[in-house]
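Colleague: Sharing a structure with you now.
Only the coordinates and a few stated rules stand behind these numbers; no lab work does. Nothing here was measured: the structure is a model prediction, and the numbers come from that model. Heads up, the Cβs are rebuilt from the backbone with ideal geometry, glycines too, and the neighbour counts pull from every protein chain shown.
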Amino acid sequence: MRTFHINAAGTFLLLRALLPNLKQANDPKVIVMSSRMGSVGRNVAGSAYAYRASKAALNVMVKSLSIDVPEVAFILCHPGRVETNLVRSREEGAITADESVAGLLPLIAKWKTDDSGKFYDRFGDPIVW
Ligand SMILES: NC(=O)c1ccc[n+]([C@@H]2O[C@H](COP(=O)([O-])OP(=O)(O)OC[C@H]3O[C@@H](n4cnc5c(N)ncnc54)[C@H](OP(=O)(O)O)[C@@H]3O)[C@@H](O)[C@H]2O)c1
């Protein structure tokens, strides 16, 4: 429940609170840090019930926001498997935060309203819901 509160409900309440300002902004764009773990279609490994469910819920809420608030671009992204407190020890294939952000920044700059409601990986490729 804690994971769900923070990742899903918390993010939604924050975005809802920001809506009045976002609607008045010039080319407003919201990048939401989701996770490939929230993809139902890509779930081949099982487990991680709370985390997966929290990110799947987040994805569907952000998708609804992209439909209900078309003047704001809402983009969901997966940062890759990044060495952080979430990925405690160095995992095979894990990248640094700098590497993840360096890959994402040009994509974030490029994403526009047409990308609203889409779910992308760190290379800019779409992730199945
Ligand atoms: N690392 C990965 O491989 C990976 C992959 C896919 C998606 N993500 C996503 O990337 C995002 C960042 O995760 P991370 O890997 O950087 O993990 P992390 O090192 O554990 O960082 C989590 C961050 O969330 C903050 N936080 C936790 N609970 C909070 C709360 N109740 N209210 C406000 N802030 C809170 C923490 O703040 P404090 O430092 O103050 O505790 C910390 O800054 C997450 O949304 C995660 O799902 C990460």
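Colleague: With Cβ to Cβ distances under 9 Å as the rule, what net charge do the other residues near M37 carry (K, R +1; D, E -1)?
Modeller: With Lys, Arg at +1 and Asp, Glu at -1, the neighbours total +4.
Colleague: Something else now. Per residue of the stretch 72-81, in order, report the coupling 6.51 cos²θ - 1.76 cosθ + 1.60 (Karplus, θ = phi - 60°) as ³J(HN,Hα) in whole Hz, putting x for Gly and Pro.
Modeller: For the stretch 72-81, the Karplus curve yields 10, 8, 10, 10, 9, 9, 10, x, x, 8 Hz.
Colleague: Hey, what did the stretch 2-120 get for relative contact order, percent, Cα under 8 Å, at least 6 apart?
Modeller: 29 percent
Colleague: Please give the direction-averaged projected area of the C-alpha convex hull for the stretch 2-120, in square nanometres with one decimal.
Modeller: Averaged projected area of the stretch 2-120's Cα convex hull equals 7.9 nm².
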